[in-house]
Amino acid sequence: MQAILAERGIILATLAGVPKRDRADLEQIVIVAAWRAVERGLYRPDPKLKPRDALRKWLHGITWRQASHYFGSAWVRRIVLDEQPLWLLREPVGPDLHAQVEARDLLRAIERLEPRHQEILLAVDAPESLSAFARQRGMSPFTAASRLRIAREALALRLSRWRR
């Protein structure tokens with residue numbers, strides 16, 4: 001991580017075309033993406049290059065790709081600047097209170113399920129795929145999918161009983 005942070009200069013130089021208001025956010029995205037790639041073993045430098053030069057080239061590639069994703073995003077392409085300050089907005093800003101209550105109810109319902117159902121339901125939110133989850137536990141992907149379906153049905157039943 002220290003080596004990646006030491007090369008912030010190449011990251012910032014590559015992000016020169018990004019508006020200043022978004023540059024710091026994009027820099028963080030690049031650093032996190034680089035670190036995750038290192039953790040997954042995707043950083044394989046060319047042995048012919050000096051280690052620092054290889055790292056700088058690799059970081060430049062990651063930064064360039066993240067910048068292209070930034071410029072291609074709908075947020076950047078369709079942004080509409082408004083003269084009206086945010087505090088004059090008439091609609092409430094922030095999370096919806098009803099959505100927060102629904103989320104708490106859902107978490108309580110998941111908490112009351114059997115541990116095997118909790119595990120498979122929470123695995124859906126994990127970065128790994130369902131087949132990777134199944135492989136780690138020595139089961140077939142079809143079994144995992146079936147268990148997920150059963151856990152979802154149990155959750156739906158629990159929620160329907162709770163809300164009556």
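The values are calculated or read from the model by the stated rules, or taken from the named source; none is laboratory data. Predicted, not measured: the structure shown is a model, and the values here were computed from it. Here the Cβ is made from the backbone with ideal geometry for all residues, glycine too, and neighbour counts use every protein chain on show.
Being within 22 Å of the chain's Cα centre (by Cα) and among the small types (Gly, Ala, Ser) holds for only one residue in 9, 17, 41, and it is 41. The set of residues in segment 93-147 being outside any loop (DSSP other than H, G, I, E, B) and of a type in the set (D, E, K, R) consists of 102, 104, 105, 108, 111, 116, 119, 135, 147. Of everything in segment 4-32 that is loosely packed, with under 11 Cβ neighbours inside 10 Å and of a type in the set (Lys, Arg), the residue that is modelled with the highest pLDDT is 20. Cβ-Cβ contacts under 8 Å between residues 6 or more apart (or on different chains), taken from a first residue in segment 98-125 that is more than 13 Å from residue 158 (Cα to Cα) to a second residue that is of a type in the set (D, E, K, R) and part of a helix (DSSP H, G or I), are listed as 116/147; 120/147; 121/152.
Of all residues in segment 50-74, those that are among the aliphatic types (A, V, I, L, M), farther than 14 Å from residue 7 by Cβ and surrounded by 11 or more Cβ atoms within 10 Å (Cβ to Cβ) total 1. Within segment 10-24, residues that are touching a residue at least 40 places away in the same chain (Cβ under 8 Å) and within 19 Å of residue 58 (Cβ to Cβ) sit with their Cβ atoms under 7 Å from residues that are part of a helix (DSSP H, G or I) and of a type in the set (Val, Ile, Thr), at 6+ positions apart or across chains, in these pairs: 11/30; 11/63; 14/63; 15/63. Filtered by the rule that a residue be part of a helix (DSSP H, G or I) and over 12 Å from residue 64 (Cα atoms), segment 16-28 gives 20, 21, 22, 23, 24, 25, 28.
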